[in-house]
1. Out of curiosity, is A:L125 buried (at least 20 other Cβ atoms within 10 Å of the Cβ), under 21 Å from the mean Cα position of the chain (by Cα) and farther than 30 Å from B:I95 by Cα?
2. Out of region B:120-141, which residues are assigned to a helix (DSSP H, G or I), surrounded by fewer than 23 Cβ atoms within 10 Å (Cβ to Cβ) and of a type in the set (V, I, T)?
3. How many of the residues in region A:263-288 are surrounded by 11 or more Cβ atoms within 10 Å (Cβ to Cβ) and assigned to a loop (DSSP other than H, G, I, E, B)?
4. Might you check whether a residue that is among the small types (G, A, S), in contact (Cβ under 8 Å) with a residue 12 or more places away in the chain, out of contact with any Cys (no Cβ under 7 Å at 6 or more places or on another chain) and surrounded by fewer than 17 Cβ atoms within 10 Å (Cβ to Cβ) occurs anywhere in region A:65-82?
5. In the list B:I98, B:I119, which residue meets the criterion of being more than 24 Å from A:V237 (Cβ to Cβ) and out of contact with any Lys or Arg (no Cβ under 9 Å at 6 or more places or on another chain)?
6. Give all pairs with beta carbons closer than 9 Å in which a residue from region B:110-123 that is in contact (Cβ under 8 Å) with a residue 40 or more places away in the chain and within 18 Å of B:E10 (Cβ to Cβ) meets a residue that is in a loop (DSSP other than H, G, I, E, B) and of a type in the set (A, V, I, L, M); count only pairs at least 6 apart in sequence or on separate chains.
7. Could we say that A:K27 is within 27 Å of A:R159 (Cβ to Cβ) and charged (D, E, K, R) here?
8. Return the residues of region B:47-66 that are over 13 Å from the mean Cα position of the chain (by Cα), crowded, with 18+ Cβ neighbours inside 10 Å and farther than 24 Å from B:R137 by Cβ; say none if nothing qualifies.
Amino acid sequence: MKLLYFPGCTLKTSAKNLEKSAFAITKALGHELVEMDDWTCCGVVSSLSDDDLMRHLAPLRNLIHVEDQGENRVVVLCDMCCNTLKQTNLRVKEKPDDLETLNLFMDRENDYRGTVKVQHFLEFLRDDVGFNVLKKMVKKPLKNLKIMPYYGCMLLRPREVAVDDAEEPTILSDLLSALGVEVVDNPFKIECCGSYHTIQEKELVSRRAYRIASYAIERGADAIVLSCPLCRFNLDVRGKEAEKMFNGYKQLPVFYYTQLIAVALGLDPSVYGFDQHAVDPTLLLKKKGVLEVVKNI
Amino acid sequence: MNKKLKQDKEISKITFKKGELAAEVEELSGENVFGCYQCGTCSAGCPYVEDMDLTPDEVIRYIILDRSEVLNSKTIWLCSACFTCAERCPRDINITKIMEALRQIVLRHKIDHTKAYEIPEKERHMIPQIAFVSLFRKNIG
């Protein structure tokens, strides 16, 4: 199946490894991600004031471009983009007057007809591929690994656009179980990572990363798995910086779920992209016997 | 209820007649602030509460009591719109939208909370773009 794919800016820079690994596993599963034409920044955070329609323009324009390509589904890898696109899609469906205003404002674009379904890549794996199918394709079960799933905010809230239950999500732990991983549960899995405060409140974000990861360490986790590029940066880079703030603390490696799937499917190490991480997970994978002595790293 | 908030000169110039603050927040957010019965569930689950000068339930109380110094609170800028409070509120009040309304009141008086040029060069190249776009959308009017 060919899937239209919306990347977003971060997937082209600091999260190239997320994109690369996702492309590789989609291919291995017999599908193909096709990057959409004319995509722009989605605006990242949805407008929360009722009178502010201006901030729905960017996500809506992208949805129009999906329709222009004759598609009614778009797959998104970035949690923040997915959340924003979904929220705008919902707003214009619930308030036709707002849609009319927005359509009139964008006189060079076609009108949005409201036919697009925005889907997170995780939802695609769960609903269209199926974790049981994925399980059958695993070549290297990740048996010795204990991993804590971390959801963050954008996958789960607000509830209208969530991919799973807001308080007790299971989508990542189901995925991990399918890959043969031992799942380590953690109440901090649904708490905010610090989000954009990583720019102005670095220490606060480092403290959050410490709090989330140290609880996982206490429960015996070897690593954290997540899906959002900003959560990855905060838990990985700011977490590494927390080592200087807290005596004896050692940051856990952080994986994107796509990287872990790529490892389990036995794909070539060149698609993992671990070189973009502050804490390189390669050592852990070698220690646990998942990766043998890898030649090209 | 009598915490000392660090006053910002510009923000302190924003004044409201009786009831106007709550009315403006309600118009921007579409939420009923008077529905709050001060149970504190929002504050119990807030990931930033220990760094805040006012807890989220106090913020709502300040709005109800017409205390416009709430606009000086660190709390409204620490909220990163994670929606945990909105999800858990037993009165189904979207506190996340109320925080956004307070930020918007300040920003619409042409007072920015972030100065982009103060971000160090090295960080600019390192941090994901989604963080910058979010920060600018939340903190610059």
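1. Against the criterion (buried (at least 20 other Cβ atoms within 10 Å of the Cβ), under 21 Å from the mean Cα position of the chain (by Cα) and farther than 30 Å from B:I95 by Cα), A:L125 qualifies.
2. Of all residues in region B:120-141, those assigned to a helix (DSSP H, G or I) come to B:121-126, B:129-139.
After this cut, where a residue has to be surrounded by fewer than 23 Cβ atoms within 10 Å (Cβ to Cβ) as well, the list is B:121-126, B:129, B:132-133, B:136-137, B:139.
Residue satisfying the conditions is B:V133 alone.
3. 11
4. no
5. Exactly one residue qualifies, and that residue is B:I98.
6. What qualifies is B:I111/B:I14.
7. No.
8. Across region B:47-66, there are no qualifying residues.
FYI, it's all coordinate maths here, none of it is from the lab. Please read these numbers as outputs of a predicted model, since none were measured by experiment. As a convention, Cβ positions derive from the backbone with ideal geometry for all residues, glycine included, and neighbour counts pool all protein chains shown.
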